[in-house]
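Q: Let me begin by handing over the structure; questions about it come next.
The values are calculated or read from the model by the stated rules, or taken from the named source; none is laboratory data. Worth saying up front: this structure is predicted, and the values here are computed from it rather than measured. All Cβ positions, glycine included, derive from the backbone under ideal geometry; neighbour counts span all protein chains shown. Side chains are part of the model used for accessible areas, which takes the heavy atoms of the whole protein and leaves out ligands, DNA and RNA. Shrake-Rupley method; radii C 1.70, N 1.55, O 1.52, S 1.80 Å.
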Amino acid sequence: MELRRITFLMLATLCSAFCSSNEQEKPFTTDSTKLFQPLDLGFSRGERQGDFSQPRMHIEGDKLYVCTSQGLYAKDLTDDKSAWLPAGFNGIPLQDYARRGTDMLALRYNEGGEYLLLSHDGGQTYKDVTPDIFRNGVHERLGNLVQHPTDPNTLLVASIYKGVCRSINFGQTWEQLTGFVYGNTAASFIGFHPARPNVIYNSGEGIICEGHINITYDGGQTWNDHGNSLDFPGDNCVHQVAFHPTNPDRWIAGGEGCVFLTADNGQTWNCQNYWGDETRVAYWYCTTFDDEHPDTVYMVGCLRRNGQKNACIKIMCSTDGGRSWHNSQVMESMREFDRVNDLQQYHDLILIYTESDVYTVSKAELIAQSTTAIRSVTSDTATAPTYDLQGRKLQQTPQKGVYIQNGRKRIVR
């Protein structure tokens, strides 16, 4: 076990040196960036000491909450000109939070100290409630906090030394579900299956850089480690998993130049390896199915600088449930590595949280720029063909909804 911890620290040092970025650098402004509209957060993401934190964002009603290095900040999404306002835990480098009524349990970035902060007044005041189970290692870190889809009292965290741990009383006590720990703690993801909460996954990158996804189907009693035996390519990582909203057997996750698919509830996997396709090469961190069109999938990733190539944020979409993908759209960056932290949806927008800012992307414009059939529209005419958000040509203009005509989004109310 001591040898394993030493190996973790060596990997952490190498990753920190390799992934360092200049906080003052901003994204380029080019034609390729116009799809990405900044929300002007004003400062960079959650604190990233050693590049191991994964700050998240949440949408509650019409408000966007973002965990940052300076606390929790919120913005009204109904007003483009609304200001970002402090929303709790001021001055605390936050990674994530869970909410239960007026109670909030926040996960802060730290190393060997206070991790979990409990507030009964929405983050205005709080106290450290980190249990002893997480205080044993000098270099201990908690990378993720997720909440059960229907029971707000049940939470999961991912620990650098303890693996996946669960609380059923909103963080008062914790139990260890698995001792499996990934070699690359900067790329470890956990979550509940939203339709089958007894199914829990923990994905990431193993000690020798191979992709893994660890799955339990019985609430944590037994685990199945799916790794290279399922043809996950070596020198890779399985990132955040997304679940099809109407077919619970279908899951999808991004990797390093790869897309991982399963159609049997995670039992067997298929890897689409895109390392040979320049348009699809990226560290694909976050994935989501469209809220209204289940077979449309969005995947967001990034590239660090490599030779003469610039660092960038990439987004690509699929209109057939992830079986095939359109060419990615790119926002170049001056940073050495403008990593993606999180991905959310708000009506017809995609929200992308990166190290440089929070950006919105119009779903319709993304489809329009990515789908060959729609890109062929070159002039504005009343008789131009219309397309749905999956890029399929419609026989007649819809009476209600969102569609694309002349390469632009149209809304019929």
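Q: What's the number of the only condition in (1) modelled with pLDDT under 95; (2) part of a strand (DSSP E or B) that Asp79 fails to meet?
A: Answer for Asp79: the failing condition is (2).
Q: A further question on this structure: Please count how many residues of segment 304-339 are over 17 Å from Tyr359 (Cα atoms) and either of a type outside the set (S, T, N, Q) or not in a loop (DSSP other than H, G, I, E, B) (or both).
A: 13
Q: Right, something else. Looking at (1) over 17 Å from the mean Cα position of the chain (by Cα); (2) small (Gly, Ala, Ser); (3) open to solvent by less than 20 Å² (accessible area, probe 1.4 Å), which is the only condition Gly179 fails?
A: (3)
Q: Give segment 160-205 a look and list any residue that's of a type in the set (Gly, Ala, Ser) and either out of contact with any strand residue (DSSP E or B) (no Cβ under 8 Å at 6 or more places or on another chain) or under 24 Å from Leu343 (Cβ atoms) (or both), or say none.
A: Ala186, Ala187, Ser188, Gly191, Ala195, Ser203, Gly204
Q: The conditions are (1) of a type in the set (Phe, Trp, Tyr); (2) in contact with a helix residue (DSSP H, G or I) (Cβ under 8 Å, 6 or more places away or on another chain); (3) buried (at least 22 other Cβ atoms within 10 Å of the Cβ), and Phe189 fails exactly one of them. Which is it?
A: With (1) of a type in the set (Phe, Trp, Tyr); (2) in contact with a helix residue (DSSP H, G or I) (Cβ under 8 Å, 6 or more places away or on another chain); (3) buried (at least 22 other Cβ atoms within 10 Å of the Cβ) applied to Phe189, the lone miss is (2).
Q: Return only the number of the condition from (1) modelled with pLDDT of 95 or more; (2) of a type in the set (A, V, I, L, M, F, W, C); (3) open to solvent by 10 Å² or more (accessible area, probe 1.4 Å) that Cys286 does not satisfy.
A: (3) is the only condition that Cys286 fails.
Q: Considering (1) open to solvent by less than 10 Å² (accessible area, probe 1.4 Å); (2) modelled with pLDDT of 90 or more; (3) touching a Cys at 6+ places or on another chain (Cβ under 7 Å), say which one Ser370 fails and leave the rest.
A: (2)
Q: Of the residues that sit in segment 94-113 and are within 24 Å of Tyr353 (Cβ to Cβ) and in a loop (DSSP other than H, G, I, E, B), which one is least open to solvent (accessible area, probe 1.4 Å)?
A: Tyr109
Q: May I ask you to list the residues in segment 239-282 that are among the hydroxyl-bearing types (Ser, Thr, Tyr) and under 24 Å from Asn341 (Cβ atoms)?
A: Within segment 239-282, Tyr274, Thr279 qualify.
Q: Output the residues belonging to segment 330-349 that are open to solvent by 30 Å² or more (accessible area, probe 1.4 Å), over 24 Å from Arg250 (Cα atoms) and either of a type outside the set (A, V, I, L, M, F, W, C) or touching a helix residue (DSSP H, G or I) at 6+ places or on another chain (Cβ under 7 Å) (or both).
A: The answer is Val330, Glu332, Glu336.
Q: Please specify each residue of segment 202-217 satisfying the condition of being closer than 20 Å to Cys286 by Cβ and open to solvent by 10 Å² or more (accessible area, probe 1.4 Å).
A: Across segment 202-217, the qualifying residues are Glu205, His212.
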